[in-house]
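Worksheet: one structure, shown below.
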Amino acid sequence: MKIKSARIFDTLPDSIRIIGIDKKIVWVNRRFEKLFGGEKNDIIGGTCSDYFCAERLFGDGDCFIDSFERGEAVFPKEITLKDKNGNLGSFLVTCTPYRNENGDVVGVVEYLREITSLTITRTALEEQLLRSKVILGKTVNSLVSAIESRDPYTAGHQRRVSQLVRRIAQKFKPDDRKWIEGIRVAAQLHDIGKICVPAEILSHPGDLSKEQFELIKLHSETGFRILGDIEFAFGFPVSEVIIQHHERLDGSGYPVGISENRIMLEARILAVADVVEAMINHRPYRVGLGIDSALREIVDNAGKKYDEKVSEACRSLFIDEGFEFQDIV
Ligand SMILES: [Fe+2]
């Protein structure tokens, strides 16, 4: 059996066009004819900008021949084209050099693969992902409202802590928006575990008994268990940050008593913001202590209980930049 290469190309489901060095169309396969309409003989001899212009892929004003001479090639790039009926479709186009027997570049082979259905699927998935993000955001807000409705004294605590956490986080990784958003979400939910603490303990005026305090201390582990199976955007470890938010640098925290760098930076940031917000505002068992006391706590204990850099970033936010919680009356 004699194999004719041109006939093989005519059986391909993808379109092929060969452009000569003079930028005239030298050859097309059958699929190309069908896609754009017309007979091979009418198409051949036309200019390379007929139907579409692959030269755009090489950058402004550049010629694909020059690019190939420099050893460059155009790897699959996505383009949108109109077929013979005027319908828009998505294509992957690959350009490779066409060489003569001496190895000189004498043209370009353009290989077009239609990916319209893939593009439609991808767009649908992107829309689905966006919807999932919106639903997750609403779920987070519902969870925040649920815990706050049981505990009026700390209503807004998590939201205010998340404001402060976001500003501190910006000082550490200003360009990492995903990380900043992740830590903000963790802050918004950090006391979710209090949903399992009896409401009368949460709103108990005056000092708590040792047993009552032990119950409250369970909230970081409970929060970890509640959120542990939820896949948050960007894979951010929200539940791990939450279980560590009462750990302290010197090992005096809970639930495990881990110390130093074993505590995640995100949890060290949340710890400082949590303490500062809690001290500034009223609690059932005491009146608000004010910004000065809160900042004294984190500055005096910087390097002991709290991360030094985080404490300084927080102090600087209030003192140098005049940070204020947005919903504080
Ligand atoms: Fe907490």
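Read-outs: derived from the displayed coordinates by stated rules, not from any lab. Small disclaimer: the values here were computed from a predicted structure and weren't measured. Glycine also receives a Cβ, built like all others from the backbone with ideal geometry; neighbour counts cover every protein chain displayed.
What to note about this one:
- Look at segment 200-216: where a residue is of a type in the set (Lys, Arg), no partner that is assigned to a helix (DSSP H, G or I) sits 6+ places away or on another chain with Cβ atoms under 6 Å.
- Taken over segment 272-290, the criterion of being among the hydrophobic types (A, V, I, L, M, F, W, C) and under 34 Å from the mean Cα position of the chain (by Cα) is satisfied by VAL272, ALA273, VAL275, VAL276, ALA278, MET279, ILE280.
- Scanning segment 244-265 for residues that are within 15 Å of the ligand (Cβ to nearest atom) and either in contact with a Gly (Cβ under 7 Å, 6 or more places away or on another chain) or of a type in the set (Asp, Glu) (or both) yields HIS246, GLU247.
- Test: residue in segment 265-285 that is in contact with a helix residue (DSSP H, G or I) (Cβ under 9 Å, 6 or more places away or on another chain), surrounded by fewer than 21 Cβ atoms within 10 Å (Cβ to Cβ) and free of Cβ contacts under 8 Å to residues at least 12 places away in the same chain: no
- Output for segment 156-205, where each listed residue is under 20 Å from PHE236 (Cα atoms) and of a type in the set (S, T, N, Q): GLN158, SER162, GLN163, GLN170, GLN188
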